[in-house]
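The values are calculated or read from the model by the stated rules, or taken from the named source; none is laboratory data. Because the structure is a prediction, the values reported are computed rather than measured. Please note: Cβ atoms are built from the backbone with ideal geometry, for glycine as well, and neighbour counts cover all protein chains shown.
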Amino acid sequence: MVQLESVFPNRFRYLVIISCIGKQQTEESALLGFDVTTNEITIGMILPIWADLDISLDGDGGFKVTSCDQCYIFKPVSVQALWTAYQSLHKVSNQARHYNYIANNGLTHSWLEHYRNIDLRSNQIYINEWNQMDDILSHRSDSPHLYQPLSSDEESLRTRIHVKLKEIMLQVNLDEVTPKFLREQLEKAFEMSLTPFKQYIDDEMLQILAQMDKPTMILPHLYLGSEWNASNFEELKANNIGYVLNVSREIDNFFPGHFKYLNVRVHDHDDADLLKEWEKTFRFINEAKANNQCCLVHCKMGISRSASTVLAYLMKENNQSLADALEHVKKRRSCINPNGGFRNQLVIYEGILAAHKTFRSKLNDSQITTTDKKTSVTPIRTTESVPSTPTESLTSLSTDSMVIMRKKSSNKFNCGIKRPNSMV
């Protein structure tokens with residue numbers, strides 16, 4: 001839930017994401033807009049999250065949501081609120097695309113009728129604000145002095161904006177300031193209008209927010225994070241990270257001269273094969289551990305590809321079940337959500353590890369039994385001399401002269417489990 005700006009002084013607006021298990025036993029989500037006054041709480045907007053949902057920044061401290069030819073603009077009251085809403089919406093939007101939720105097919109989101117039918121709808125004035133559009137054809141023109149010529153090359157100015165913006169954001173309480181405030185502070189610092197850079201400033205603000213959103217320590221030598229964490233040199237050094245495991249196809253290695261990289265080039269698709277990479281990634285992470293350094297595992301958002309790889313590592317390194325590994329990681333990074341294909345591969349991997357464990361256990365038991373039975377030789381006739389070694393026993397004694405209660409070495413052992421070609 002995030003608070004939004006409101007044109008009415010005695011009314012508060014809140015944007016809430018709600019989720020419910022639907023008819024198909026899958027999680028469905030929707031956006032609800034609440035109007036809060038001294039006397040009542042009412043609903044001013046209901047927007048199901050369909051597969052076609054598109055989220056973009058509006059260049060003025062807010063974001064735009066488009067779905068089924070409907071467009072809504074939301075302006076959170078603070079930078080931190082914008083970041084929270086932006087992340088949360090991307091998460092439920094990805095889920096809607098995964099399950100291919102299509103509007104008006106009658107199969108999903110039927111539970112929203114409860115909210116449409118209850119007598120808690122906002123009055124029309126409030127509803128109008130929720131439906132306010134940004135495509136008004138006639139706007140008053142900005143004052144001419146707002147468009148002073150740039151004093152330096154645009155690329156150079158963008159770099160300076162980024163540096164100054166990060167400096168400002170580190171000094172303020174992001175729960176209290178708005179994106180507009182940050183832009184005004186930049187304009188004061190540069191003594192010029194930055195209106196042509198509004199979209200750029202919003203984009204950079206989100207990137208810096210992501211970098212300030214720290215990577216998650218899963219184990220003392222293992223971090224799970226995002227593209228932005230992988231691009232934050234100072235943070236990598238501060239966390240003693242010497243190894244970076246890049247589980248993405250679309251993201252470059254940012255500092256190849258400073259860190260050791262391993263690339264697993266896959267997209268976040270259900271049919272991408274991560275299972276075959278997990279022995280290699282396991283060795284890479286443990287190499288960092290052996291060298292008293294940390295490893296950052298990242299993809300785009302630190303939610304699916306990299307999270308799956310970290311789960312696989314925990315299952316093998318800590319001898320954990322998939323359920324225990326999920327619980328361990330979710331306690332530290334609640335946003336993880338491996339796609340369906342990766343979840344299936346994790347289940348298969350859990351089975352491989354269990355089979356390996358059973359195989360080793362039975363093999364060890366067999367070796368112990370063999371050792372115990374080396375001395376269990378029962379003579380039937382003593383007319384012939386007994387050779388001094390077990391090997392000689394097998395070659396010199398006939399079967400009717402002695403019963404050898406001894407199994408051969410483990411190359412005859414078979415526990416009924418086929419060993420995988422590449423045992424993890």
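Out of all the residues in segment 1-12, which are aromatic (Phe, Trp, Tyr) and part of a loop (DSSP other than H, G, I, E, B)? Talk me through it step by step, then tell me what you get.
Of segment 1-12, the ones aromatic (Phe, Trp, Tyr) are 8, 12.
Scanning segment 1-12 gives a single hit, Phe8.
Of Lys362, Lys374, which residue is modelled with pLDDT under 90, farther than 30 Å from Ala272 by Cα and surrounded by 15 or more Cβ atoms within 10 Å (Cβ to Cβ)?
Working: Lys374 fails: surrounded by 15 or more Cβ atoms within 10 Å (Cβ to Cβ).
Exactly one residue qualifies, and that residue is Lys362.
Only residues that are crowded, with 16+ Cβ neighbours inside 10 Å and among the hydroxyl-bearing types (Ser, Thr, Tyr): list them for segment 159-183, please.
Thr178, the sole residue that qualifies.
From the set of residues in segment 110-154 that are of a type in the set (D, E, K, R), part of a loop (DSSP other than H, G, I, E, B) and surrounded by fewer than 10 Cβ atoms within 10 Å (Cβ to Cβ), which is modelled with the highest pLDDT? Steps first, answer last, please.
The initial filter retains those residues of segment 110-154 that are of a type in the set (D, E, K, R), namely 113, 116, 119, 121, 129, 134-135, 140, 142, 153-154.
Narrowing the set further to residues that are part of a loop (DSSP other than H, G, I, E, B) leaves 119, 134-135, 140, 142, 153.
Cutting the leftovers down to surrounded by fewer than 10 Cβ atoms within 10 Å (Cβ to Cβ) gives us 119, 135, 140, 153.
Values: Asp119: 77, Asp135: 43, Arg140: 32, Asp153: 70.
Filtering segment 110-154 for residues that are of a type in the set (D, E, K, R), part of a loop (DSSP other than H, G, I, E, B) and surrounded by fewer than 10 Cβ atoms within 10 Å (Cβ to Cβ), the one modelled with the highest pLDDT comes out as Asp119.
Within segment 216-247, how many residues turn out to be in contact with a strand residue (DSSP E or B) (Cβ under 8 Å, 6 or more places away or on another chain) and under 17 Å from Tyr313 (Cα atoms)?
14
Right, Leu186: surrounded by 14 or more Cβ atoms within 10 Å (Cβ to Cβ), at pLDDT below 85 and under 16 Å from Leu209 (Cβ atoms) or not?
Numbers: surrounded by 14 or more Cβ atoms within 10 Å (Cβ to Cβ): yes; at pLDDT below 85: no; under 16 Å from Leu209 (Cβ atoms): yes.
No.
Looking at Lys300, Lys357, Lys331, Lys289, which is the one that is touching a residue at least 12 places away in the same chain (Cβ under 8 Å) and within 20 Å of the chain's Cα centre (by Cα)? If you could, list the steps in order and put the result at the bottom.
Numbers: Lys357 fails: within 20 Å of the chain's Cα centre (by Cα); Lys331 fails: touching a residue at least 12 places away in the same chain (Cβ under 8 Å); Lys289 fails: within 20 Å of the chain's Cα centre (by Cα).
Residue meeting the stated conditions: Lys300.
Could you please find all residues in segment 251-262 being within 17 Å of Ala307 (Cβ to Cβ) and either within 16 Å of the chain's Cα centre (by Cα) or surrounded by fewer than 17 Cβ atoms within 10 Å (Cβ to Cβ) (or both)? Before the answer, list the steps.
At the first step, the residues of segment 251-262 found to be within 17 Å of Ala307 (Cβ to Cβ) are 251, 262.
Scanning segment 251-262 gives a single hit, Ile251.
Determine whether Ala272 is within 17 Å of Gly225 (Cα to Cα) and touching a residue at least 24 places away in the same chain (Cβ under 8 Å).
Details: within 17 Å of Gly225 (Cα to Cα): no; touching a residue at least 24 places away in the same chain (Cβ under 8 Å): yes.
Here the answer is no, as Ala272 does not meet what is asked.
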